[in-house]
Structure formats: C-alpha cells, structure tokens
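Visitor: Sharing a structure with you now.
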Amino acid sequence: MQPLPLLSASLLSHPAPPAAPAVPPALLLTAALAAAAPTLLAYSTSPSPTFLNQALALALWGLWAVVSQPLLPGRALSAPLLALALLAAGVLWSWGPGGHPASLALSALGLLAAAALLLAAGAGARARSDAALVFAALCWAYLATGLLNAALAAVQVFAPGWSDGSWLAASSIPGRAVGNLRQPNHLSSVLTWACIAVVGLVELRRLAPRWAAPALALLVAAVVLTASRTGLVSVLLLALWGLADRRLRTPARLLLLATPLLYGAAWWGLAQWAAATAQAFGGAARLAETDISGSRFGIWSNTLALIRQQPWAGVGWGEFNYAWTLTPFPNRPTAFFDHSHNLPLQLLVELGLPLGGAVLGLLLWGLGRAVWLAFGRSAADREVADTGLSPLAAAQRCAVMAVVMIGLHSLLEYPLWYAYFLLPTAWVWGFALPEKAPRPATPELPSRALAAGGLLLILGSALAVADYRHVARIFSASAGDAPLEQRIASGRDSLFFTHHADYAAATSGVAVADTQAAFDRATHYLLDTRLMKAWAQSLEAQGRIDEARHLAQRLREFRKAETKEFFDACKVPASASTAQAGPPFQCAAPQRPVDWRSFLPP
C-alpha cells in the first residue's frame, strides 16, 4: 500500500475529536494575518526584496501581541531576555567605537526590541487560563499558511507560467519551489511549522485524524518541491519526535512517524513525473551537486579563521561581511556572504568568544529549560492519562518543537535575521518557558505595557515603510521623478536605510556630496563587485594605493565574470609612457601589509 492510504486506514479507526471551546474569531483572524500575510506577499521593491514582508510581519505580530491579551510574564524569561540585552550591547558597541553605520545599528536594535516584546507576549499568553485556546488559534493559522504556501509551491513547479511576479513570485531555480519569500529554505521552514501545527491540532483535539493525514501529506510533498536539504533534515526530526515521545496520542505519533514515508513517496512521484514529461525536478539537481554543503564548509572554515584572528572582541556586530571580504582567503567561496550561515559561529565571530559565548550559553539555557518543562515530568505532564497529554502540555511541546526546528535551520542558514521568522519564534519560545500553570481563581488583567508595545510596533512598522520609500525611489524611478542626484540626496536623509542611498551614491557615477561618507557607510552592508571596484578606484584617487591594491586582490579572489574587464588591463603590454607610471593599481600587490581594520574610518 502507498504511505497515504496506509496512514489513513490506521487513523480512521480513531474517533473525531470531541467538541472544544471555539476559538474567538478575533484571535483566529489576527493569528492568520500574522502567520500568513508576510509569507504570501509577493510584491517587492528594490533595493530590498524582503523588506515589505518583514515590515508586514512587524506590524501584524505587534497586532497579535495586542489582540492575544497577554498577562504580565514572570521571571522565566530571564535567560533569553538577558541574551537579547547582551546582543543589544554588542550592537551599541559596534555602532559607537566600532563605526557601524547608524541606520544598520538602529534596524538591529529595533528588531531585538520587537523580539523581546514577542517573547514576553508569548509568556503572557501562556499565563492565561485559556492558553491552549490561544495556541490553537496559532496552529490553525500556520496550517492555513502552510497549505496556501503548498499551493504556491505547486504552481511554481508544475505551472511556472502562471507566476506573474505581483501575486506569485517566479522561481529563479528551475524545478524548485521558492514561495513568495523567494528562498527554498524559508519556504521549507514555513511548511515544517505547518506540519507541527497539524500535530498540535490533533493533540488539542481540534482536527480529526482523517483530515490531518491528507493535510500533512500535502505539506510534506511541498517540502519535497523545495528540494531543501534543511527541509529533509526537519522531516527526519519530526519522525524522531514521533519515535521518542511516547506520551503523544497514537494518531499524532502515527502522523509524525509517517513523515519520512510521505517524503519518500513524494520524491519518487516527482522523479517519475519529471522523467515522463522531461520537466525539471529540483531534487534531482540537488543530488547531482558535488558540494553537499552549498559552500557552507568553505564559509565556516573562513569564519573559524576570523575567530582565531580576533577571539576576544570579534569583528563587531554586523561586520562579518566587511571583515571576511577584506581578509585574504585565496580559496574563498565565490558568493558574497553576509552571514556565516551558522548561528553559533555568527555570534562568536562578531561578538568575540566572551560575549558571544555568554549569549550562546543563555540561549542554550533558555532552550534547554523549555525542553525540560515541556518534555520532563512537570506538573502538566503528570496529568497524562490514556487519553493523552493535557491541552496545555500538548501546546507547550509543539511550541518547543517549533523553536527546535528553526534552531536547526539556524545551524545552516540565518532565518532569525528575518522578522517573519524571528517574531513567531520569540512568541512560541516565550509560550514554552513559564513553569507554573495559570490559576483560574486569579483575576486576569492583560498587560497594558505589552499592549502598548504592540501598538508601538505597528506604528514603527508604518514609519519604516514611509522611510523606505525615500530609498526605493532611487532604484525604481518613474516619469516625473526628480533627477537621480536629488533622489540620492533625499535617500541619504533616511533613518533606517541610509546605507542603500550611500550605495547608489558610491556606484552610480553621479556627483554627490561627501562621497567618502557614502563609502564609509555603504561598505558595511554588503560588499559586492560594483561597490568593491568603485571603492578601490576611490582609494587609488585618494593616494591610498596599498589599500586600493589590497581591495583589488580581494575582489580577484571572488573570480566574478563582471571583473574580467577590470583585470584585463593587467594583460595589456606596457607602452613607454605607462611603463614609467607603473602598472594599474589592480595589477600589483600592496607594498605593506594591510589589515581589514585599515579600511575603517578614523
């Protein structure tokens, strides 16, 4: 028998879940908006393809913090809140003495504050007497989000011509689904969260197994459409959860144990379809890749080298790309990495071993505490009977697994640098941490401070969108717009996005005021071919020949096709006049050692 019919036959014998208190429509609607809207928005404007998704996530999760009416949390959040505070201290240190641009520092501080708010809101929701009902609303929301994203994934693979770019993003990778977030790994994590939501709804007795089985099968098949290695590992972790957690009810365990079978069946079916129709299947291309790490082994090796070079203070928050690009690595990966693609390494390389290790230790302590409270023999767990876990215990376990899943993703990518992953992770982590169950006799007064924080988050998101428009006009001009010079000048007055305007000022070739300041700021966001070439030429014009040569050597290491003309000048035979002046700066090595810190403004 095929996995899905076999699973359905095993589950049909279980009765439908008994009637449970209905989820209030306001909760359900707000949860659905917060979970789904940021992942479904396809429209984007340059220079940031995900900014609008993240701004929408900030606003809607702020709304969720208001509508869910959390109570004031206790002390259980001390470890993750202290970790966020230390991260904020690292940002401030990088901004002040380190010279990190204000726009980037303010953006980081804003996201950290939003994460702290959602962490407290999750713990406050867990303190409510109807906490399981609040969590059920979120599970329904992520189930709907997963199914909608699965439909988008199917269109991107089976009917790519339907992708118009406005409502449905076109996949840039033939045969692979990327969703409207435009990244296969991001889509696979959304789908995996939806799988956990299915298990949660079954455990909360709000979704009958006969409906849960086909929903889970569709979600797992969509994970296959992404051809994400992270997605595959996440599916295996789901099965491990089902194997190890004997306190789950039989239907939930069967669903979890079936996920690898469903994955294998979907993979086999897609391979057969691709062979029969001569269509591309991204999974086959992934199997043919020689570097199973996707250049991660290379960037991790470079990151470890940077940690050895500056172990105590690190390179500074947000400065990984700057330090890595300007440090010699002859065999470096050829992509422009702005992150080490591993959360522990990122903390250690940017903050240094003492501070980064402290943050990592606090995060691990908080995660370990959540796992112990959810899976240890707590008071809630002792309510287990033949009928399974109590609703609150079941919700807590699903919350922990959602954090574990995104933590696994963070070992290979950097999803927590995106608001649509960071904020829900913070909320479910907060929900998983409080130890004591709510007492129904205690009057429940929603926290005014958390509600005010949610409203501020909504307002801040709206202001950020208005601020972003200043730089968006630079990169997408329309009839009647001001000249480029004026648009760049306006963009450089932005609070959160000055670095984008500085990039345009440094690379567009138009005359702007204070070009050096543009390089000083834009280079801390992402060094790419255009910016490195323009910066090297600017350094050479200033007489900083050794820095210009060092930068040109680093650009050569990336082996980009766009640099061919730049370095072809080194192959031209020298004439009598050029021989006296010497070869172009990009053709010679610096005459003295140059460190990446030599490029920092004084």
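Visitor: Provide the per residue accessible area, probe 1.4 Å, for the chain, rounded to a whole number of square angstrom. Don't jump to the answer; show the numbers that get you there.
Guide: Working: 25650 Å² over 602 residues.
For the chain, the per-residue accessible area is 43 Å².
Visitor: List the extent of the Cα atoms of the chain along each of their three principal axes, largest first, rounded to whole Å.
Guide: Here the spans come out as 92, 61, 53 Å, largest first.
Visitor: Share of Cα-Cα pairs in the range 163-251 beyond 15 Å, in percent?
Guide: Details: 2405 of 3916 pairs.
Considering the range 163-251, 61 percent of its Cα-Cα pairs are separated by more than 15 Å.
Visitor: Express in % the proportion of alpha carbon pairs of the range 61-142 at distances exceeding 15 Å.
Guide: Numbers: 2079 of 3321 pairs.
In whole percent, the long-distance tail amounts to 63.
Visitor: Per-residue counts of other Cβ atoms within 10 Å, averaged by peptide: what ranking do you get for 558-570, 541-553, highest first? Walk me through the numbers before you get to the answer.
Guide: Values: 558-570: 12.7, 541-553: 18.9.
Top of the packing list down: 541-553, 558-570.
Visitor: Under the classification rounded if a/c is under 1.5, otherwise prolate if a/b is larger than b/c and oblate if not, where does the range 250-319 fall, given a ≥ b ≥ c as square roots of the Cα gyration tensor eigenvalues? Walk me through the numbers before you get to the answer.
Guide: Values: a/c = 4.44, a/b = 1.85, b/c = 2.40.
Since a/c reaches 1.5 but b/c is at least a/b, the shape of the range 250-319 is classed as oblate.
Visitor: Shifting gears a bit: Per the helix-only calculation at 222 nm, which mean residue ellipticity applies to the chain, given -39500 (n - 2.57) for every DSSP H run of n ≥ 4 and division by its residues, nearest 500 deg cm²/dmol? Please report the intermediate quantities before stating the final value.
Guide: On the way: 24 runs with 381 residues, N = 602.
Rounded to the nearest 500, the figure is -21000 deg cm²/dmol.
Visitor: Based on the mean of other Cβ atoms within 10 Å per residue, sort peptides 101-109, 474-482 so the most packed one is first. Don't skip to the answer; put the middle values down first.
Guide: Details: 101-109: 19.0, 474-482: 11.4.
In descending order of packing, they fall as 101-109, 474-482.
Visitor: Can you give the Rg/Rh ratio of the range 446-507, where Rg is from the C-alpha atoms and Rh is the Kirkwood radius? Before the final figure, lay out the partial values.
Guide: Numbers: Rg = 15.6 Å, Rh = 13.0 Å.
On the Cα set of the range 446-507, Rg over Rh gives 1.20.
Visitor: Provide, in order from the shortest bin, the percent of all Cα-Cα pairs of the range 513-602 in each 10 Å bin, continuing until the bin that contains the maximum pair distance.
Guide: Histogramming the range 513-602 at 10 Å steps yields 15, 49, 29, 7, 0 percent.
Visitor: Two decimals is fine: what is log10 I(q)/I(0) at q = 0.18, 0.25, 0.33 Å⁻¹ for the range 120-163, from a Debye sum with one equal scatterer on every Cα and no solvent?
Guide: So the normalised log intensities work out to -0.61, -0.82, -1.01.
Visitor: Would you compute, for the Cα atoms of the range 193-233, the largest minus smallest coordinate along each principal axis and list the three values in descending order, in whole Å?
Guide: Principal extents (Cα only, largest first): 32, 15, 10 Å.
Visitor: While we're on this one: Less than 15 Å Cβ to Cβ from Ala170, Lys/Arg counted +1 and Asp/Glu -1: what total charge do the surrounding residues give? Before the final figure, lay out each step's value.
Guide: Numbers: positive: Arg176, Arg182; negative: Asp164.
Net of charged neighbours comes to +1.
Visitor: Sticking with this one: In a shell of Cβ-Cβ distance under 14 Å around Ala274, excluding Ala274 itself, what net charge do Lys and Arg (+1) and Asp and Glu (-1) give? Mind showing how you got there, number by number?
Guide: On the way: positive: Arg176, Arg286; negative: none.
Taking every other residue near Ala274 into account, the sum is +2.
Visitor: So, counting K/R as plus one and D/E as minus one, what does the shell of residues with Cβ under 10 Å around Leu248 add up to? Display every interim value, and only then the final one.
Guide: On the way: positive: Arg246, Arg247, Arg249, Arg253, Arg397; negative: Glu203, Asp245.
Counting the neighbours of Leu248, the net charge comes to +3.
Visitor: Still on this structure: Return a whole-number percent for the relative contact order of the chain, with Cα pairs under 8 Å and 6 or more residues apart as the contact set.
Guide: Working: 967 pairs, mean separation 121.7, N = 602.
RCO, the chain: 20 percent.
Visitor: Between Rg and the Kirkwood Rh of the range 215-278, both from Cα atoms, what is the Rg to Rh ratio?
Guide: On the way: Rg = 13.0 Å, Rh = 12.3 Å.
My calculation puts Rg/Rh at 1.06.
Visitor: Using only the alpha-carbon atoms of the range 393-506 as identical scatterers, what base-10 log of I(q)/I(0) does the Debye formula give at q = 0.23 Å⁻¹?
Guide: Log10 of I(q)/I(0), two decimals: -1.19.
Visitor: Sticking with this one: Which log10 I(q)/I(0) values, to two decimals, does the range 67-221 give at q = 0.12, 0.13, 0.15 Å⁻¹ under the Debye formula with one point per Cα?
Guide: -0.76, -0.86, -0.99
Visitor: Assuming 1.002 mPa s and 20 °C, estimate D for the range 394-438 with Stokes-Einstein, Rh taken as the Kirkwood radius over Cα pairs, in µm²/s. Can you show the working numbers first?
Guide: Working: Rh = 10.9 Å.
Approximately 196 µm²/s, per Stokes-Einstein.
Visitor: Here's another thing I want to ask about it. Compare the peptides 364-376, 224-236, 194-206, 272-284 by average per-residue count of other Cβ atoms within 10 angstrom and give them in order, highest first.
Guide: Most protected by this proxy first, the peptides run 194-206, 224-236, 364-376, 272-284.
Visitor: Taking the Cα centre of the chain as origin and charging only Cβ (+1 Lys, Arg; -1 Asp, Glu), how large is the dipole, in debye to the nearest 20?
Guide: On the way: 41 positive and 31 negative charges, 231 e Å.
Approximately 1100 debye in magnitude.
Visitor: Student exercise: in the chain, how many lysine pairs 8 or more apart or on different chains have Cα atoms under 29 Å apart? Intermediate results must be reported in sequence, preceding the final value.
Guide: Working: Lys533/Lys560; Lys533/Lys564; Lys533/Lys571; Lys560/Lys571.
Eligible lysine pairs with Cα atoms under 29 Å apart amount to 4.
Visitor: May I pose another question? Using every alpha carbon pair in the range 20-72, what percent of pairs falls into each 10 Å bin from 0 up to the bin containing the largest distance?
Guide: 24, 42, 24, 9, 1
Visitor: Which chymotrypsin sites (Phe, Trp or Tyr not before Pro) does the range 107-191 hold that lie in a coil by DSSP with at most 14 other beta carbons within 10 Å?
Guide: Working: sites: Phe135, Trp140, Tyr142, Phe158, Trp162, Trp167; in loops: Trp167.
Qualifying residues, ordered by number: Trp167.
The values are calculated or read from the model by the stated rules, or taken from the named source; none is laboratory data. Predicted model only: the values in this text are computed from it and were never measured. Cβ sites come from the backbone with ideal geometry, for glycine too, and all protein chains shown count toward neighbours. For the accessible areas, the whole protein counts, side chains as well, though only heavy atoms, and no ligand, DNA or RNA atoms are used. Shrake-Rupley method; radii C 1.70, N 1.55, O 1.52, S 1.80 Å.
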